[in-house]
Amino acid sequence: MDLMLKDKVAMVTGASQGIGLAAALTLRAEGACVAAVSRRCSPELAAALDDSLVHVPADLATERGPAGAVEATVERFGRLDVLVNNAGGPPPGVTMPRFSFEHLDDGDWTAMLDFNVMSVVRAVRAALPHLLEQGGSIVNVSSTHAHVPSGVNVDYGVAKAGVNNLTQALSEEFGPRGVRVNTVSPGPVRTPWWTKEGGAADVLAQALGSDRATVLERSAAELMNLTTGRLIDPQEIADVIVLLASPRSASTTGSDVVVDAGLRKAV
Ligand SMILES: NC(=O)c1ccc[n+]([C@@H]2O[C@H](COP(=O)([O-])OP(=O)(O)OC[C@H]3O[C@@H](n4cnc5c(N)ncnc54)[C@H](OP(=O)(O)O)[C@@H]3O)[C@@H](O)[C@H]2O)c1
């Protein structure tokens, strides 16, 4: 299927690794020019850079970061058709899960909301004039935590529920003017968030008296009762992001596509 993304310009946040990197590479493979935004350029991203895939350094947790990234993208490629707000999760310096509401103070809440909600608000604000010009599309990466409230990651779930609400509101306001806005809500995805030293698998391993490999291969899927029996591959999220970004999804807006390995047992 031709996704009709040839020569479109996309900005993907949090694109140095994990879901964002997979989405950036897939958009580029579909013919788009891509600005990959993150604070640092990873070896994997560096190895893939060329004229149609550039790294844009920005700290999205700051007030000016998202707008600066949009400006750099438009300066480099001359337009913007697709915005993928993927950066999110634990704010810089935080390890999740933190297991309880009682462990969180005002600073924790503010940092979580700044990184997961305000970075999206600011990126959308800066990108909208360009997206309106092109009839573009926005894909926000949310989480099953937006739908399944839990004390395990309570601040994160609240932030992602805000992203879903924002998505629907933006779709209602800007859909009639040609800009589509959707979310993808992943379940647990095997990215560095889980796999890195001190990452989620290590936190769970410590809580369970286990080890990282066992958590990644077995216990995490068992704990979360994943129907597929395994964590999700980042590419499996990236493919949905890119389909939603594509003009082939022209009648999909205000939607939330859940890709959660069967985690949420509800209709
Ligand atoms: N992995 C999961 O299990 C899972 C499940 C549900 C939803 N999600 C969502 O999926 C999205 C991506 O998750 P992931 O697991 O792929 O993340 P990840 O592996 O932790 O990667 C995070 C990316 O964001 C960038 N980043 C972090 N802080 C940043 C900042 N202040 N400014 C700019 N970029 C920043 C990182 O690069 P730098 O550090 O160089 O900046 C990196 O490229 C997030 O929104 C997350 O909430 C993930």
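The values are calculated or read from the model by the stated rules, or taken from the named source; none is laboratory data. It should be emphasised that the depicted structure is a prediction, and the values quoted were computed from it without experimental measurement. No Cβ is skipped: glycine too gets one built from the backbone with ideal geometry, and neighbour counts run over all protein chains shown.
Using the structure shown, decide if residue 87 is in contact with a strand residue (DSSP E or B) (Cβ under 7 Å, 6 or more places away or on another chain), within 14 Å of the ligand (Cβ to nearest atom) and either modelled with pLDDT of 95 or more or in the same structural domain as residue 54 (by TED's automatic domain parsing) (or both). Answer is yes for this residue. What about residue 160, is it under 20 Å from residue 145 (Cβ atoms), touching a residue at least 24 places away in the same chain (Cβ under 8 Å) and more than 12 Å from the ligand (Cβ to nearest atom)? No. Screening the candidates 52, 42 for the property of being modelled with pLDDT of 95 or more, polar (S, T, N, Q), in the same structural domain as residue 110 (by TED's automatic domain parsing) and more than 13 Å from the ligand (Cβ to nearest atom) yields one hit, 52.
Any residue at all in region 131-140 that's away from the ligand (no atom under 14 Å from the Cβ), crowded, with 19+ Cβ neighbours inside 10 Å, of a type in the set (A, V, I, L, M) and more than 18 Å from residue 20 (Cβ to Cβ)? Yes, region 131-140 has at least one match. Criterion applied to 116, 140, 164 was being within 13 Å of the chain's Cα centre (by Cα), farther than 14 Å from residue 89 by Cβ and not aromatic (Phe, Trp, Tyr), and the one residue passing it is 164. Determine, yes or no, whether residue 27 is within 16 Å of the ligand (Cβ to nearest atom), within 20 Å of residue 189 (Cβ to Cβ) and under 20 Å from the mean Cα position of the chain (by Cα). Yes: the conditions hold for residue 27. Just one residue in the set 203, 259 is buried (at least 16 other Cβ atoms within 10 Å of the Cβ) and within 21 Å of the chain's Cα centre (by Cα); that residue is 259. For region 1-24, taking the residues that are surrounded by fewer than 21 Cβ atoms within 10 Å (Cβ to Cβ) and in contact with a Leu (Cβ under 8 Å, 6 or more places away or on another chain), the one that is nearest to residue 115 (Cα to Cα) is identified as 17.
Residue pairs whose Cβ atoms lie under 7 Å apart, separated by 6 or more positions or on different chains, with the first residue in region 60-78 and at positive phi and the second surrounded by fewer than 20 Cβ atoms within 10 Å (Cβ to Cβ), do not occur.
Please indicate, with yes or no, whether at least one residue in region 107-128 is polar (S, T, N, Q), assigned to a loop (DSSP other than H, G, I, E, B) and touching a helix residue (DSSP H, G or I) at 6+ places or on another chain (Cβ under 7 Å).
Looking only at region 107-128, we keep the residues that are polar (S, T, N, Q), and these are 110, 116, 119.
Adding the requirement that they be assigned to a loop (DSSP other than H, G, I, E, B) leaves none.
So far as region 107-128 goes, no, none of its residues is polar (S, T, N, Q), assigned to a loop (DSSP other than H, G, I, E, B) and touching a helix residue (DSSP H, G or I) at 6+ places or on another chain (Cβ under 7 Å).
One residue stands out among those in region 215-228 that are small (Gly, Ala, Ser) and within 23 Å of the chain's Cα centre (by Cα): the one that is farthest from the ligand (Cβ to nearest atom), which is 221. Selection over region 163-202 of residues that are in contact (Cβ under 8 Å) with a residue 12 or more places away in the chain and either part of a loop (DSSP other than H, G, I, E, B) or touching a Pro at 6+ places or on another chain (Cβ under 6 Å) (or both) gives a count of 9.
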